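A.B. asks: This is the structure I have questions about; it appears just below.
The values are calculated or read from the model by the stated rules, or taken from the named source; none is laboratory data. Since this is a predicted model, take the numbers as computed values, not measurements. Cβ coordinates were reconstructed from backbone atoms using ideal geometry, including for glycine residues, and neighbour counts include every protein chain displayed. Please note that ligands, DNA and RNA were not included when accessible areas were found on the heavy atoms of the full protein model with its side chains. Shrake-Rupley method; radii C 1.70, N 1.55, O 1.52, S 1.80 Å.
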Amino acid sequence: MIDRRPGLVVQPLGTSDIKAAVEFAARHGLLISMQGGGHQIGGLAVADGALLVDMSRLRHVHVDPEARTARVGAGCLLGDIDRECQRHGLAFPTGINSTTGIAGLTLGGGFGWITRKHGMTVDNLLSAEIVTADGEILTISPDRHPDLFWACTGGGGNFGVVSSFEFRLHPVGPEILSGLLVHPLEAGPELLRKYREISTSAPDELTAWTVMRKAPPLPFIPEDWHGREVMIFAVCYCGNMADGEKAVAELRALGNPIADVIGPHPYIGWQGAFDPLLTPGMRNYWKSQDFLDLTEETIGHLLDAARNLPDDQTEIVLPHLGGVMARVSADATAFPQRSAHFTMNLHTRWEDPAKDEACIAWARALSDKVASQSAGSVYVNFMPEDEAGRINGAYGANMDRLRRVKTQYDPGNLFRVNHNIRPETAARAAE
């Protein structure tokens, strides 16, 4: 859906190349954009006529197994990192698709299968190297340029071009207990009520997400269910296998599942299990809302929409975030939503351009229907390009501090091809 032509593409081999690109753009008044994994569905990595800094050659990963840290290049995909870290039985929380870029994920906050146990991606960020709007190369951490470091823990690409990140690692894998429970959508009302109870009282090691969609033609789903509406629990337990079997027993006992494929799987395999759902070339339009609770009204709207999906590739994903990530104060990172909550992500995907209007309308309608029941916050990495008005919802009470940091490090708003946080002067003028 994105057809934009940059004026110049730079593929840096190191931080000095990034510095040269930033200084060139600033000197000539060029629009500049950054591309890490190219996973942002709003197309905010590219703009017509802009200087595009393409990080795809910066895919180095260095793991220190004794210190339990990893230094990764800003062009790394999650799969690059998982492969190197799992050689040592280590990992840190990232997303759920191995093709996602680490840079955009981290700068927006980052969460996935082990977030309940080990926090968000930004909770495990130790330091980063960044090129600021004036071409300065800085190493940032809680002790070095702490305000800028804080802004990069969820504030997006507003503050500079990050060339590398350093993360804290945890013992994970090489096998975890994971898999899917597939149910008829007709059982949805009772299943969602039980899911609400189980997820909010689950041990930190257990993560369970709900997915509503039409059943894909997978070999473990009976053929007569292919293409029919289903509710899927995607489950991951990142602790002891025996404890995991006990922890998932309540979920497995619900209803009469069409398929139960929970078992020991390689962590790397589980991290890439959903890659086929985000294949290149599909058309995408996402909408997101956060819920502190799943009310009966919300459940009704979700199920009604799931019965009327606009395309077989479209799905409603409902992760639950809690555990360790919910024990961090709201102002500790730029990512502000630290209450345990459900995050609805409408993965509206389709292939035929003729379906654009219908698919986008479906996503907007459902988002509008549940907005009154939501917490008002939104995960910035799930926002499409046309939601500039929700930027305050993405950052809440942290917005004023983010604007101050933006004003200090990018007063001219050089880095604006993003979900933009404007400098204080520009923000006041707009108001």
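A.B. asks: What's the carbon and sulfur percent of the range 214-297's accessible surface, probe 1.4 angstrom, rounded to a whole number? Walk me through the intermediate numbers first.
C.D. replies: On the way: 2210 of 3970 Å².
Carbon with sulfur: 56 percent of the solvent-accessible area.
A.B. asks: To continue, here is another question. Pop out the carbon and sulfur fraction of the accessible area of the range 301-384 as a percent, whole number, probe 1.4 Å.
C.D. replies: Working: 1450 of 3020 Å².
The computed percentage sits at 48.
A.B. asks: Percent of accessible area on the range 1-122 owned by carbon and sulfur, 1.4 Å probe?
C.D. replies: Numbers: 2290 of 4730 Å².
It is 48 percent, rounded to a whole number.
A.B. asks: Still on this structure: Which net charge results when you count Lys and Arg as +1 and Asp and Glu as -1 among the other residues whose beta-carbon is under 9 Å from that of Trp350?
C.D. replies: Taking every Cβ under 9 Å from that of Trp350, the sum is -2.
A.B. asks: Something else about it: Which order do the peptides 402-414, 240-252, 117-129 come out in when sorted by mean C-beta neighbours inside 10 angstrom, highest first? Don't skip to the answer; put the middle values down first.
C.D. replies: On the way: 402-414: 18.9, 240-252: 15.3, 117-129: 22.9.
Highest-to-lowest ranking by the protection proxy: 117-129, 402-414, 240-252.
A.B. asks: Given the C-alpha centroids of the range 209-245 and the range 326-367, what is the distance between them in whole angstrom?
C.D. replies: 21
A.B. asks: In percent, how large is the relative contact order of the chain, given Cα pairs closer than 8 Å and 6 or more residues apart?
C.D. replies: Details: 973 pairs, mean separation 73.4, N = 431.
That works out to 17 percent.
A.B. asks: Along the Cα→Cβ direction, 7 angstrom out, place labels at Leu254 and Met1. What is the inter-label distance in nm?
C.D. replies: If labels sit at Leu254 and Met1, their model points lie 2.9 nm apart.
A.B. asks: Now, a different point. Along the charge dipole of the range 62-202, Cβ charges K/R +1 and D/E -1, which of Gly73, Gly112, Asn124 sits furthest on the positive end?
C.D. replies: Gly112
A.B. asks: Dipole magnitude of the range 1-150 about its Cα centre, charges +1 at Lys/Arg Cβ and -1 at Asp/Glu Cβ only, in debye to the nearest 20?
C.D. replies: Values: 13 positive and 16 negative charges, 72 e Å.
Around 340 debye, computed over the range 1-150.
A.B. asks: Right, next: What is the gain in length, in nm to one decimal, between Lys355 and Met241 on full extension, counting 0.36 nm per residue of separation less the C-alpha to C-alpha distance? Don't skip to the answer; put the middle values down first.
C.D. replies: Details: separation 114, 0.36 × 114 = 41.04 nm, distance 4.45 nm.
Once the chain is fully extended between Lys355 and Met241, it gains 36.6 nm.
A.B. asks: For labels at Phe24 and Val328 in the simple 7 Å Cα→Cβ model, what's the distance in nm?
C.D. replies: Going from the Phe24 label point to the Val328 one covers 3.5 nm.
A.B. asks: Please state the charge dipole magnitude for the range 223-266, taken about the Cα centre, from unit charges on C-beta atoms (+1 on K and R, -1 on D and E), reported in debye and rounded to the nearest 20. Don't jump to the answer; show the numbers that get you there.
C.D. replies: Working: 3 positive and 7 negative charges, 23 e Å.
Roughly 120 debye, rounded to the nearest 20.
A.B. asks: Using the structure shown, list the pairs from Lys117/Lys406; Lys19/Lys406; Lys214/Lys287; Lys117/Lys246; Lys117/Lys287 with a Cα-Cα distance above 22 Å, or answer none. Each step should come with its number before you reach the end.
C.D. replies: Details: Lys117/Lys406 32 Å; Lys19/Lys406 18 Å; Lys214/Lys287 19 Å; Lys117/Lys246 17 Å; Lys117/Lys287 27 Å.
Exceeds cut-off: Lys117/Lys406; Lys117/Lys287.
A.B. asks: Whole number in Å², please: accessible area per residue of the chain, 1.4 Å probe, ligands, DNA and RNA not counted.
C.D. replies: Values: 16990 Å² over 431 residues.
Value for the chain: 39 Å² per residue.
A.B. asks: In nm, what is the difference between 0.36 nm times the number of residues separating Asp312 and Asn392 and their Cα-Cα distance?
C.D. replies: On the way: separation 80, 0.36 × 80 = 28.80 nm, distance 3.32 nm.
Fully extending the segment from Asp312 to Asn392 adds 25.5 nm.
A.B. asks: Rounded to the nearest 0.05, what FRET efficiency do Glu296 and Arg404 give with R0 = 56 Å and r taken as the Cβ-Cβ distance? Could you check?
C.D. replies: Once rounded, the FRET efficiency stands at 0.85.
A.B. asks: Residue farthest toward the positive end of the dipole of the range 263-349, with Cβ of Lys/Arg at +1 and Asp/Glu at -1: which of Trp286, Ala306, Ala334?
C.D. replies: It is Ala334.
A.B. asks: Taking the mean number of other Cβ atoms within 10 Å as a proxy for protection, how do you rank 383-390, 343-350, 281-288 from highest to lowest? Walk me through the numbers on the way to the answer.
C.D. replies: Numbers: 383-390: 15.6, 343-350: 23.0, 281-288: 18.6.
Highest mean packing first, the order is 343-350, 281-288, 383-390.
A.B. asks: Continuing with this model, one more query. Can you give the Rg and Dmax of the range 1-125 based on its C-alpha atoms, in angstrom?
C.D. replies: Using the Cα atoms of the range 1-125, the pair Rg, Dmax is 15.8, 47 Å.
A.B. asks: Next up: What is the sum of charges around Leu138, taking Lys and Arg as +1, Asp and Glu as -1, for the other residues whose C-beta is under 10 Å from the C-beta of Leu138? All intermediate terms of the calculation are to be shown ahead of the outcome.
C.D. replies: Values: positive: Arg144; negative: Glu129, Glu136.
In short, -1.
A.B. asks: Taking the Cα centre of the chain as the origin and placing charges on Cβ (Lys, Arg +1; Asp, Glu -1), which of Pro142, Gln373, Thr210 is farthest toward the positive end of the dipole?
C.D. replies: Pro142
A.B. asks: To the nearest 0.05, what FRET efficiency results for Leu8 and Ser201 with a Förster distance of 45 Å applied to their C-beta separation? Numbers along the way, then the final one.
C.D. replies: Values: r = 54 Å, r/R0 = 1.19.
Working from the Cβ atoms, E equals 0.25.
A.B. asks: Using mean Cβ contacts within 10 Å as the protection proxy, how do 257-263, 2-8, 154-160 order, highest first?
C.D. replies: Details: 257-263: 18.1, 2-8: 13.1, 154-160: 26.4.
Answer by packing, highest mean first, reads 154-160, 257-263, 2-8.
A.B. asks: For the chain, what does the helix formula give at 222 nm: sum of -39500 (n - 2.57) over DSSP H segments with n ≥ 4, over the residue count, nearest 500 deg cm²/dmol? Working shown, then result.
C.D. replies: Details: 14 runs with 119 residues, N = 431.
Per the formula, -7500 deg cm²/dmol.
A.B. asks: Rounding to the nearest 20 debye, state how big the charge dipole of the range 224-346 is about its Cα centre with +1 on each Lys and Arg Cβ and -1 on each Asp and Glu Cβ.
C.D. replies: Values: 8 positive and 16 negative charges, 60 e Å.
Taking the Cα centre of the range 224-346 as origin, the dipole is about 280 debye.
A.B. asks: In whole Å and largest first, what semi-axes does the C-alpha gyration tensor of the chain yield when each eigenvalue is scaled by 5 and square-rooted? Don't skip to the end; give the middle numbers.
C.D. replies: Details: eigenvalues 241, 121, 83 Å².
With the √(5λ) rule applied to the chain, the semi-axes are 35, 25, 20 Å.
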